[in-house]
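The values are calculated or read from the model by the stated rules, or taken from the named source; none is laboratory data. Every value quoted in this text rests on a predicted model; they were computed, and no experiment measured them. Cβ placement follows ideal geometry from the backbone for every residue including glycine, while neighbour counts extend to all protein chains displayed.
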Amino acid sequence: MSPNSPETLPARSLFHFAFHVTDLDEARRFYGGVLGCREGRSTDTWVDFDFFSHQISLHLGEPFKTTRTGRVGDHWVPMPHFGLVMLLPAWQALAERLQAACVDFVLPPQLRFAGQPGEQWTMFFCDPFGNPIEVKGFASLDGMYAT
């Protein structure tokens, strides 16, 4: 068993994030179908998903405005955004799943900070409502806060 497998990671708090979408059926197709998230409770105005062990609540409404003002290296990324940190094998599987679904990437899957502390794989994409999501992959979670 890897020292960074889910079974050996220290228990941590999980996040809950609620945000707007304009169509719950389309949200179900993307978050449930494309990303593979399990649907939880719902009403006619919102739906919960298990977002890789975190809870997201998608409510009907106007999505938040974003702009590409976050400079990371040579790239400008959408702000605000939310996302995940995964171990590299899970990140690679998700990248392949998104590519197979022909997701339009803001920043396609790529290595960032190669050979430096904090080396990571990253990808940015938006849900169908323009909500930006970043997913980072690390060979070891020990490098997540490396300086």
Q.
Given the criteria at pLDDT below 95 and closer than 23 Å to residue 143 by Cα, does residue 114 qualify?
A. yes
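Each row is one residue, and each column tells you yes or no for (1) polar (S, T, N, Q); (2) over 15 Å from the mean Cα position of the chain (by Cα); (3) in the same structural domain as residue 21 (by TED's automatic domain parsing); (4) within 19 Å of residue 21 (Cβ to Cβ).
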| residue | (1), (2), (3), (4) |
| --- | --- |
| 37 | no, no, yes, yes |
| 84 | no, no, no, yes |
| 90 | no, no, no, no |
| 96 | no, no, no, no |
| 126 | no, no, no, yes |
| 137 | no, no, no, no |
Q: Go through segment 66-75 and give me each residue that's outside any loop (DSSP other than H, G, I, E, B) and in contact (Cβ under 8 Å) with a residue 40 or more places away in the chain.
A: 72
Q: Mind listing whichever residues of segment 61-86 are surrounded by 14 or more Cβ atoms within 10 Å (Cβ to Cβ) and among the β-branched types (Val, Ile, Thr)?
A: 66, 77, 85
Q | Qualifying positions in segment 105-147 - of a type in the set (D, E, K, R) and outside any loop (DSSP other than H, G, I, E, B) | A | 112, 134, 136, 142
(Q) Among (1) touching an Asp or Glu at 6+ places or on another chain (Cβ under 6 Å); (2) at positive phi, there is one condition residue 41 misses while meeting the rest; what is its number? (A) (2)
Q | Odd one out for residue 134, checked against (1) among the charged types (D, E, K, R); (2) closer than 20 Å to residue 34 by Cβ; (3) surrounded by fewer than 18 Cβ atoms within 10 Å (Cβ to Cβ); (4) touching a residue at least 12 places away in the same chain (Cβ under 8 Å) | A | (3)
Q) Just for segment 38-60: of the residues that are farther than 17 Å from residue 132 by Cβ and in a loop (DSSP other than H, G, I, E, B), which one is modelled with the lowest pLDDT? A) 53
Q) Considering only residues of segment 89-109 that are without any contact (Cβ under 8 Å) to a residue 24 or more places away in the chain and surrounded by fewer than 14 Cβ atoms within 10 Å (Cβ to Cβ), which is farthest from residue 34 (Cα to Cα)? A) 89
Q.
Take the conditions closer than 24 Å to residue 101 by Cα, buried (at least 16 other Cβ atoms within 10 Å of the Cβ), charged (D, E, K, R) and not assigned by TED's automatic domain parsing to the domain that holds residue 98 and apply them to residue 28. Does it pass?
A. yes
Q.
Suppose we filter 78, 63 for residues that are under 16 Å from residue 17 (Cβ atoms) and outside any strand (DSSP E or B); which single one remains?
A. 63
